[in-house]
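*Asks:* Sharing a structure here in structure tokens format.
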Amino acid sequence: MKRNSLIVIVGAILVIIFAFWLCAFQVRTTEVAVVTTFGKATHPITEPGLKFKWPPPIQRVYRFDQRIQSSEFENKFREDLTADNNPLLTSVYIGWRISQPDVFLQRFPNGISEAEPQLAKLVSSTKSAVVGHHPLSDFVSANEGGSKFSAIEDEILAAVDEKLTNNNYGLEIKFLRFKKIGLPEATTEKVFARMTSERNVLISRAQNEGEAAAKNIRSDAELRASKILSAAQGEALRIQGQGEAEASKYLGVFQQEPQLASFLFRLDALQDSLKEKSTLIFDQQTGPFTLFGSDVMTNLLSK
Amino acid sequence: MERSIRKYALLNLAALVAIGIVAFIEARANNSMAGQVSTIFLGIGALVAAVSWFQMRLEENERLEKLEFDELTRSKGSSALFENKDTEGFPAQRSREQFERFFVPVFTALVLIAEAVSAFLLWRWFSNEQLLIEVKQPTILLSFFAAFALGLFIFGKFSSTFARLENHRLLRPGASWVLLGAYLCAIVALGTVGVLMGYPKADFYVAKILAALLALVALETLVNLILEIYRPRVKGKIARPLYESRLVGLLGQPEGLITTAAQALDYQFGFKVSDTWVYGFVEKYLGFILLLQLVALFLSTMMVFIEPGEQALIEHFGQRSKVVLGPGGHLKWPWPIDKVYRYRTEEIQSLIVGSQPDPATANQTTILWTTPHAKEENFVVANRDQSLLATNEVAATPAVSLLTVSIPVQFQITNLVDWVYQVESGTNLLDDIATREVTRYLAGADFNDIMSSERGAAADGLRERIQDAANANHLGIKIIFVGLQDIHPPMKVAADYEKVVGAEQTKFAAILDARADDIKTNALAGAAATNMIDVAEANSTKTVIAAYSKAALFTNQIPAYQAAPSIYLQRAYLQTFAQATANARKYVLLTTNTHDVLQFDLQTKVRDDLLQDVTLKK
């Protein structure tokens with residue numbers, strides 16, 4: 001009996017818990033909820049806490065994440081044409097949140113996963129239209145003022161917001177930003193080719209500048225060397241002349257016996273000219289080879 | 001009594017059919033795969049319950065027929081009419097026998113086919129890797145399946161106890177399937193709890209386990225069918241229903257396992273372990289012990305321990321508390337009143353903008369622009385300098401270049417409340433923000449600046465931009481580091497950039513060579529000039545000294561000459577001649593009266609000794 005009572009108590013507790021489970025629900029701080037009564041959205045709940053409802057199938061609860069959704073549903077490059085007919089790939093990301101849970105539930109019964117593709121189409125279409133109004137230089141420019149990213153983003157956001165407000169999607173977009181811009185494959189190849197050509201210009205410039213600079217340096221060096229040597233030659237001549245002038249003071253001595261001086265100068269010249277390897281051919285008329293003449297020797301011996 | 005048993009069998013059947021239908025609708029509506037698989041079991045159980053109920057009726061008819069026959073026998077006495085015990089006279093018995101002989105095996109074979117085909121189809125369905133259906137309204141699903149489990153358990157427990165007490169073999173199969181259905185519904189409910197606790201695949205895994213169990217049951221049915229062929233038929237011995245699964249019986253009544261275990265212990269220890277007070281206590285209070293454990297488990301949720309490096313947020317009925325829990329022990333209301341969410345806030349987290357590192361090249365010790373080291377992702381960058389164009393016609397379209405970018409961004413959570421409650425996925429948003437800021441920065445910056453002088457400033461600038469954007473979105477993080485070490489031209493043109501560097505080096509080499517020549521030329525010219533002047537000075541000095549010395553010599557020679565002019569001249573001549581011609585080759589022609597033609601070979605001859613040890617190569 002005691003055992004049965006305990007089982008009944010435990011069973012009753014379980015039934016109460018089960019009933020409580022069916023009739024109570026929590027809404028987290030991160031959530032908003034909508035309570036439907038026989039399928040009709042009757043109570044949107046935006047405050048967190050413990051809430052009560054009738055058990056299913058009378059009332060049902062639909063919960064949604066109320067935080068900013070930063071999912072990358074538009075995380076794909078789409079090609080658009082800019083105002084100056086340049087193809088440009090762009091991808092954007094948006095932050096949005098549910099503003100009216102009851103309306104959101106009616107528009108998107110399957111929740112966020114259903115809303116995102118719809119929103120993606122809306123944003124994509126608006127983005128293409130706005131991109132078409134701007135030249136490429138509004139996106140990419142290193143000049144004063146730079147690119148106009150923020151202005152274009154605001155333009156797209158305003159256009160998307162207008163459509164959302166007009167049709168009441170039950171959500172609001174908090175921000176919209178370009179994530180990335182790029183170029184189509186064919187254009188990329190052309191850009192690569194241009195970058196290569198640009199490098200070739202730089203290569204050519206570097207090579208020729210090097211050769212020109214080297215030539216200039218060498219030419220300048222030769223000029224300076226030539227100037228130095230010329231100056232040195234001049235100086236050498238001056239010194240030489242100075243020496244000659246100094247030496248000329250002693251020429252008067254030779255005037256005392258001009259014949260002797262002339263003879264001695266010739267002897268010096270003879271000696272200097274025979275310093276190198278030379279071959280001489282004499283006959284017996286040339287002194288001292290006159291000694292080889294028979295009459296000379298005979299005369300001398302007879303004396 | 002028989003009527004009651006049939007009533008319970010009918011109740012089993014009704015419970016299985018009703019709950020099976022509702023469970024299927026509920027599981028289908030809420031995308032519960034496990035719930036749908038469990039209804040296959042309930043369906044097969046319903047078929048088994050229906051057949052066993054029908055077999056019960058046949059046996060009841062046979063029993064009534066037999067009672068009627070016995071009554072007639074007693075009232076009419078023994079007569080030839082009633083002595084004929086041929087089956088022709090017992091249509092109910094004949095019907096039952098025909099049923100057991102033909103229908104039951106065919107039905108069991110059909111059950112086998114149903115089980116096997118279902119298991120096969122389920123396995124094919126689950127083998128799709130992409131298959132992950134989100135369970136909708138898990139709370140509702142949990143409530144329903146918990147209720148199904150409770151209802152089936154009450155019916156099944158009652159029926160199985162009744163069948164065991166009354167030893168009614170035909171009530172047992174249906175009761176076992178009902179109990180199994182109860183446990184399976186409880187498992188589906190547990191899977192749904194897993195989904196509620198943040199494990200969306202829990203339902204899928206439960207479905208897989210149930211499919212495997214179905215395959216096991218099919219295998220057992222097959223084995224039963226094969227063994228039935230070889231089973232010895234002993235007259236008078238009541239056969240076990242062929243469609244009754246022992247596996248289902250065991251799974252449906254796990255207490256049978258305990259009994260089996262007790263018997264095994266008795267056998268092993270050689271005395272009745274099951275008769276000891278310990279075993280009796282455990283058997284008697286097992287429910288209480290389990291309940292106590294559940295209560296202890298529930299109470300243990302009142303304490304939470306936060307690990308070092310972690311912070312946690314606590315939510316009271318879903319409403320966030322303003323207190324952020326730091327490392328250590330904390331008390332809270334039990335689950336599900338208070339729930340705790342932990343985060344590693346001290347950890348430095350990172351993400352990479354642009355090219356993601358390639359694990360295959362992670363061990364490379366040298367990373368070059370020209371060799372692949374990451375999955376290349378190019379960013380558009382502006383070109384301010386168009387001076388390379390030869391003409392003055394600057395293109396209307398701005399020049400753009402491409403840069404391969406791989407930028408690590410390191411961050412730390414500084415405000416956990418913002419990080420958790422502001423954005424659904426902070427990491428995703430930060431990745432978007434960082435990529436956007438890099439894109440925007442490059443689109444407004446000059447290619448050459450980024451590649452050279454602005455690189456350092458770019459890293460600081462980007463860090464500040466990302467931090468500002470994160471603050472604007474209330475991400476609650478601090479950007480610690482933004483690295484620009486891996487920004488370079490795309491691999492396709494990287495070699496050309498290296499060639500420019502090579503050309504610049506060649507240029508500097510040519511200039512340096514020219515400088516070297518310059519130095520050499522000027523140094524040599526200087527030396528030559530000095531030498532030239534020195535030589536001139538030497539010659540000048542020599543000239544002067546020679547003039548002086550010759551003058552002095554001449555002054556002294558004059559007296560000698562004047563003393564004997566001819567002799568002096570002769571002597572001077574001969575002395576000088578002898579000295580001057582000492583090394584000259586001399587030919588003296590002594591004959592004067594001939595007309596000989598003399599030929600002199602004045603060619604310089606190489607000395608013979610110089611040619612020694614010289615060999616000519618051919």
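*Asks:* Classify region A:175-300 as rounded, prolate or oblate from the Cα gyration tensor: take a ≥ b ≥ c as the square roots of its eigenvalues, call it rounded if a/c is under 1.5, otherwise prolate when a/b beats b/c and oblate if not.
*Replies:* Numbers: a/c = 13.19, a/b = 3.45, b/c = 3.83.
Judged from the Cα gyration tensor, region A:175-300 comes out oblate (a/c at least 1.5, b/c at or above a/b).
*Asks:* A further question follows. How would you classify region A:45-131 from its alpha-carbon gyration tensor, with a ≥ b ≥ c the square roots of the eigenvalues: rounded for a/c under 1.5, else prolate if a/b is greater than b/c, otherwise oblate? Could you put the intermediate results ahead of the total?
*Replies:* On the way: a/c = 3.99, a/b = 3.19, b/c = 1.25.
In terms of gyration-tensor shape, prolate.
*Asks:* May I pose another question? Looking only at other chains, what is the average number of their beta-carbon atoms within 10 angstrom of each beta-carbon in B:134-147?
*Replies:* Partner Cβ neighbours, averaged per residue: 3.
*Asks:* What are the chymotrypsin sites (Phe, Trp or Tyr not before Pro) within region A:51-126 that DSSP puts in a loop, where the Cβ has at most 11 other Cβ atoms within 10 Å? Don't skip to the answer; put the middle values down first.
*Replies:* On the way: sites: A:Phe52, A:Tyr62, A:Phe64, A:Phe73, A:Phe77, A:Tyr93, A:Trp96, A:Phe104; in loops: A:Phe73, A:Phe77.
Within region A:51-126, no chymotrypsin sites (Phe, Trp or Tyr not before Pro) qualify (loop, at most 11 other Cβ atoms within 10 Å).
*Asks:* Based solely on its DSSP helices, what 222 nm [θ] is calculated for the protein assembly as shown when runs of n ≥ 4 H residues each add -39,500 (n - 2.57) and the sum is averaged over all residues, nearest 500 deg cm²/dmol?
*Replies:* Numbers: 25 runs with 533 residues, N = 921.
For the protein assembly as shown, the value works out to -20000 deg cm²/dmol.
*Asks:* On to the next question. So how do B:357-370, A:20-33, A:226-239 stack up, highest first, on mean other-Cβ count within 10 Å?
*Replies:* A:20-33, A:226-239, B:357-370
*Asks:* Enter the mean number of other protein chain beta carbons within 10 Å of the beta carbon of each residue in B:400-406, as an integer. Numbers along the way, then the final one.
*Replies:* Numbers: counts 14, 6, 7, 0, 0, 0, 0.
Mean shielding by partner chains, rounded to a whole number: 4.
*Asks:* Below 8 Å between Cα atoms, with a sequence gap of 6+, how large is the relative contact order for region A:2-65 in percent? It would help to have the intermediate numbers written out before the result.
*Replies:* Numbers: 89 pairs, mean separation 21.3, N = 64.
After rounding, I find 33 percent.
*Asks:* What residues have an amide H closer than 5 Å to that of A:Ile68, excluding those fewer than 5 places away on the same chain, when H is modeled at 1.01 Å from N in the peptide plane?
*Replies:* B:Val423, B:Glu424
*Asks:* I've got another one for you. Cut-off 10 angstrom, C-alpha nodes, Gaussian network model of chain A. Which of A:Asn85, A:Asn110, A:Asn216 fluctuates the most?
*Replies:* Result: A:Asn216 has the largest fluctuation of those listed.
*Asks:* Any idea what the relative contact order of chain A is, in percent, if you count C-alpha pairs under 8 Å spaced at least 6 apart?
*Replies:* Values: 311 pairs, mean separation 38.7, N = 303.
It comes to 13 percent, rounded to a whole number.
*Asks:* Mean projection of the alpha-carbon convex hull of the protein assembly as shown over all orientations, in nm²?
*Replies:* Averaged projected area of the protein assembly as shown's Cα convex hull equals 89.7 nm².
*Asks:* Distance check, please: which entries in A:Lys190/B:Lys478; A:Lys53/B:Lys478; B:Lys208/B:Lys339 exceed 32 angstrom between their Cα atoms?
*Replies:* Working: A:Lys190/B:Lys478 40 Å; A:Lys53/B:Lys478 42 Å; B:Lys208/B:Lys339 30 Å.
Result: A:Lys190/B:Lys478; A:Lys53/B:Lys478 exceed 32 Å.
*Asks:* Just check chain A against the gyration tensor rule for me: Cα atoms, a ≥ b ≥ c as the square roots of the eigenvalues, rounded for a/c under 1.5, and otherwise prolate or oblate depending on whether a/b exceeds b/c. Spell out each step's value before the answer.
*Replies:* Numbers: a/c = 6.52, a/b = 4.35, b/c = 1.50.
It is prolate, given that a/c is not under 1.5 and a/b is the larger ratio.
*Asks:* How big is the charge dipole of the protein assembly as shown about its Cα centre, in debye rounded to the nearest 20, if each Lys and Arg gets +1 on its Cβ and each Asp and Glu gets -1 on its Cβ? Don't skip to the answer; put the middle values down first.
*Replies:* Working: 92 positive and 97 negative charges, 651 e Å.
With only Lys, Arg, Asp and Glu charged at Cβ, the dipole is about 3120 debye.
*Asks:* A:Phe175's amide H: which non-local residues (gap 5+, or another chain) put their own amide H closer than 5 Å, with H modeled 1.01 Å from N in plane and none for Pro or chain starts?
*Replies:* A:Gly95
*Asks:* Sort B:312-324, B:402-414 by the packing proxy (mean of other Cβ within 10 Å over each peptide's residues), most packed first. Before the final figure, lay out each step's value.
*Replies:* Details: B:312-324: 17.0, B:402-414: 20.0.
Ranking, from highest mean packing down: B:402-414, B:312-324.
*Asks:* Could you tally the net charge around B:Leu47, taking each other residue with its Cβ under 15 Å from the Cβ of B:Leu47, Lys/Arg +1 and Asp/Glu -1? Don't jump to the answer; show the numbers that get you there.
*Replies:* Numbers: positive: none; negative: B:Glu115, B:Glu244.
It works out to a net charge of -2.
*Asks:* Another question, then. Region B:112-187: which GluC sites (Glu not before Pro) are DSSP loop and have at most 15 other beta-carbon atoms within 10 angstrom?
*Replies:* Numbers: sites: B:Glu115, B:Glu129, B:Glu134, B:Glu166; in loops: B:Glu129, B:Glu134.
Here the GluC sites (Glu not before Pro) that fit, given the DSSP loop and packing criteria, are B:Glu129, B:Glu134.
*Asks:* I need the phi-derived Karplus couplings for region A:53-61: 6.51 cos²θ - 1.76 cosθ + 1.60, θ = phi - 60°, integer Hz, Gly and Pro marked x.
*Replies:* 7, 7, x, x, x, 5, 10, 10, 10
*Asks:* If you don't mind, another one. Provide the per-residue ³J(HN,Hα) series for region B:117-128, in order, calculated from phi with Karplus coefficients 6.51, -1.76, 1.60 and θ = phi - 60°, each as a whole number of Hz, with x at glycine and proline positions.
*Replies:* 5, 4, 4, 5, 5, 5, 5, 5, 5, 7, 6, 6
*Asks:* Applying the Karplus parametrisation 6.51 cos²θ - 1.76 cosθ + 1.60 with θ = phi - 60° to the phi angles of region A:13-22, what ³J(HN,Hα) value in whole Hz is obtained for each residue in order, glycine and proline being reported as x?
*Replies:* 4, 5, 5, 4, 4, 5, 5, 4, 4, 6
*Asks:* Near the amide H of A:Asp283, under 5 Å away, which other amide H atoms are found, from residues 5 or more places off or on another chain, if H is placed in the peptide plane?
*Replies:* B:Leu589
Rule-based calculations on the coordinates, nothing more; no lab input. Model, not experiment: these values are computed from the prediction. Note that we place each Cβ from the backbone using ideal geometry, even for glycine, and neighbour counts take in every protein chain shown.
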